[in-house]
Amino acid sequence: MSKFENYNEWYLDMVEKAKLSDKRYPIKGMNVWTPYGWKIMRFVDTYLREELDGTDHDEVCFPLFIPETEFKKEKDHIKGFDSEVFWVTKAGNNELDVPLVVRPTSETAMYPMFSLWIRSHQDLPLKVYQIVNTFRYETKQTRPFMRVREIHFFESHTCHDTEEDAQCQVEEDLEIVKRLMHRLCLPYFLLKRTDWDKFPGAHYTVGIDTVMPNHRTLQLGSVHHYRTNFSKPYNITYEDENGDHPYVHQTTYGMSERLLGAIISVHGDDSGLILPPDVAPFQVVIIPILSKKNADEVTKACVAVKEKLASAGFRVKLDDRDDRPGSKFFDWEIKGVPLRFEIGGRDIENGVVTFARRDNGEKGTIALDSLIPGTKLILDQIADSLRAKAWEFQKGAVKAIESMDEIPKDETKGASETNIKEDSLDLRVYSFGWCGCEECGHKFEDEHDIKILGTPYLPGDEYDGKCIVCGKPTKTKAYAARTM
RNA sequence: GGGCCCUUGGGUUAGUUUGGUAUACUUGUGCCUUCGGGAGGCAUAGACUCCGGUUCAAAUCCGGGGGGGCCCA
């Protein structure tokens with residue numbers, strides 16, 4: 001199964017073979033988190049918690065259900081979500097007077113409470129987050145971790161006295177994104193979404209996107225500035241120093257299990273997953289190389305190495321199953337353990353352990369007396385190399401174009417026989433000049449069945465030329481791609 | 001919203017046209033021999049999505065439901 005030649009199949013194969021989730025649960029888009037996948041997700045969650053706690057956010061947990069009456073208060077928001085929410089209309093045998101929405105996201109659950117919690121400027125800023133499941137009724141094809149109906153979701157919500165303070169929060173969120181993505185070794189774009197694609201109800205949205213092996217992009221999360229768009233309908237005000245009651249300015253930041261989908265897709269290869277050391281359930285796996293005469297001695301040596309590593313804080317697994325070494329190698333390669341140690345008679349004689357790196361296959365030895373620093377060094381090198389390789393791929397996926405003709409046309413569009421591989425089209429992430437008007441944007445998107453992801457949020461990625469659609473001079477660059 | 005396709009042990013599948021003992025690989029379990037890159041032998045376990053119909057007889061034909069997937073708007 002080849003990652004680049006047949007990405008879709010490869011991905012499903014990885015999820016199954018590495019035992020990340022069980023998709024046989026009989027509801028579309030609702031899969032079972034199995035232990036190995038859940039362990040990885042928990043590391044991601046742990047790092048998010050560390051970051052949020054470290055920036056003075058408080059963790060909360062809101063109810064799953066939202067009364068229809070609250071849900072419908074912000075007009076754009078309801079328009080954006082109306083067709084994809086689950087409803088609870090019945091309890092026992094009674095029809096409910098007020099139907100309940102199963103949260104697709106928690107703005108409308110939290111904000112009525114925020115309006116009770118916030119009374120004075122001393123209550124601001126209010127910064128909370130939660131890690132919960134949200135539900136969206138996907139009708140399109142679902143895919144584990146990427147498009148699901150029950151989403152493992154992180155969301156932070158903040159309220160501020162001024163728009164400027166809210167803007168600072170956006171910057172803080174993006175710093176968190178940077179640190180988190182560093183740990184996950186994932187590259188990303190920060191793109192300000194188009195007006196017609198921003199979060200329903202938002203003033204503006206910054207999308208966090210990464211590129212998949214098939215050059216489609218996957219949105220990993222987003223940061224929104226709401227201004228007072230929600231605080232007005234939900235009446236979230238505070239009393240300022242002058243005794244006035246202005247509306248608060250709000251932001252949100254959300255990410256999901258798509259991070260795991262990206263880790264699988266970005267780092268994996270044809271032999272299986274390759275996990276960044278920070279999220280690997282096991283960072284080192286020790287395989288004993290036994291023979292009849294030295295079994296006891298080798299086992300003892302393996303246990304000693306394991307204990308030494310564990311007490312130094314490494315997550316280490318000693319695979320003492322009664323199986324052949326080769327079979328174990330394959331097993332842990334599929335599961336993406338970044339570093340493998342082999343310990344046999346030869347190694348004991350020489351006072352070393354033999355190591356093999358998962359990311360590039362490189363083998364070597366580490367002397368037992370430098371076991372701890374040696375292990376740390378190699379794990380760091382693996383992370384650095386995963387990160388560098390991933391950023392390089394993302395960079396290579398972008399193609400700057402001057403004319404819409406440079407985007408290959410999908411001749412199979414609308415045909416019932418879809419055997420022609422999309423890969424053969426060589427679709428890319430495109431960057432180009434855009435005047436910024438909605439008309440040109442729609443024209444561009446419709447012509448190629450491609451989505452404008454937005455314009456660079458951070459400075460330093462400008463353009464100097466003409467709008468690719470209407471030819472007007474522009475300094476704005478836009479990015480477009482097909483999305484997962 | 002409209003249309004199409006699929007459903008056989010845990011996984012992958014043969015068999016369905018032409019109704020009659022359900023195939024193979026893999027996985028699981030047990031024992032033995034092995035063990036520096038997917039070991040081998042023997043034994044053992046495990047399935048026709050459900051409900052109804054036709055029939056002496058249904059995985060197979062017919063009707064309906066569940067579940068899964070795709071395409072079009």
What size of dipole, in debye to the nearest 20, comes out for region A:284-378 about its Cα centre when the only charges are +1 on Lys and Arg C-beta atoms and -1 on Asp and Glu C-beta atoms?
160 debye
Going fewest to most other Cβ atoms within 10 Å around each Cβ, A:PHE81, A:PHE432, A:PHE393 line up as A:PHE393, A:PHE81, A:PHE432
In nm, spacing of pseudo-spin labels at A:ALA304 and A:ASP405 (7 Å Cα→C-beta vector)
7.3 nm
So which trypsin sites (Lys or Arg not before Pro) in region A:1-109 are both in a DSSP loop and have at most 14 other Cβ atoms within 10 Å of their Cβ?
A:LYS19, A:LYS28
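Restricting things to Cα coordinates, could you compute the convex hull volume per residue of region A:284-378 in Å³?
On the way: hull volume 8.5 nm³, N = 95.
It is 89 Å³ per residue.
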Helix A:163-184: angle to the longest alpha-carbon principal axis of chain A, degrees 0 to 90, nearest 10?
20 degrees
Could you calculate the contour length gain from A:SER115 to A:ALA388, that is, 0.36 nm times the residue separation minus the distance between their Cα atoms, to one decimal place in nm?
93.7 nm
Cα gyration tensor category, rounded, prolate or oblate, for region A:68-218 with a/c compared to 1.5
oblate
Return the aspartates and glutamates within reach of A:LYS389: Cα separation strictly under 18 angstrom, same-chain partners fewer than 8 residues apart disregarded; answer none if there are no such residues.
A:ASP209, A:ASP269, A:ASP270, A:ASP278, A:ASP359, A:GLU362, A:ASP380
In region A:32-190, with Lys and Arg counted as +1 and Asp and Glu as -1 at Cβ, which of these residues, A:ALA166, A:VAL102, A:THR142, has the Cα nearest the positive end of the dipole, that is, farthest along it?
A:THR142
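Work through the residues other than A:TRP38 whose Cβ is under 13 Å from its Cβ and net out their charges, Lys, Arg +1 and Asp, Glu -1.
0
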At q = 0.12, 0.15, 0.17 1/Å the base-10 log of I(q)/I(0) from the Debye formula over the alpha-carbon atoms of region A:7-267 is -0.75, -1.15, -1.43
Relative contact order in percent for chain A (Cα pairs under 8 Å, 6+ apart) equals 14 percent
Contour minus Cα-Cα distance for A:VAL60 and A:ALA295 (0.36 nm per residue):
79.4 nm
Among all the lysines, which ones have a C-alpha under 19 Å from A:LYS127's C-alpha, if same-chain residues fewer than 8 places away are not counted?
A:LYS232
Binned Cα-Cα distance frequencies in chain A - 20 Å width, integer %:
21, 49, 26, 4, 0
Within a 10 angstrom radius of the beta carbon, how do A:ARG183, A:ARG324 rank from fewest other beta carbons to most?
A:ARG324, A:ARG183
Charges at C-beta only: +1 for Lys and Arg, -1 for Asp and Glu. How large is the resulting dipole of region A:1-136 about its Cα centre, in Debye rounded to 20?
400 debye
For region A:70-157, what's the relative contact order in percent, using C-alpha pairs closer than 8 Å and at least 6 residues apart?
26 percent
Charge dipole (debye, nearest 20) of chain A; +1 at Cβ of Lys and Arg, -1 at Cβ of Asp and Glu
1600 debye
Number of Lys-Lys pairs in region A:284-378 under 13 Å by Cα, sequence gap 8 or more or different chains?
6
Name the residue farthest towards the positive end of the dipole of chain A from the options A:GLY396, A:ILE289, A:PHE314, assuming +1 on Cβ of Lys and Arg, -1 on Cβ of Asp and Glu, about the Cα centre.
A:ILE289
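Taken together, the values in this text are just the output of simple stated rules run on the coordinates, not laboratory data. Keep in mind the model is a prediction, meaning the values are calculated, not measured. Cβ: placed from backbone, ideal geometry, glycine included. Neighbour counts: every protein chain shown.
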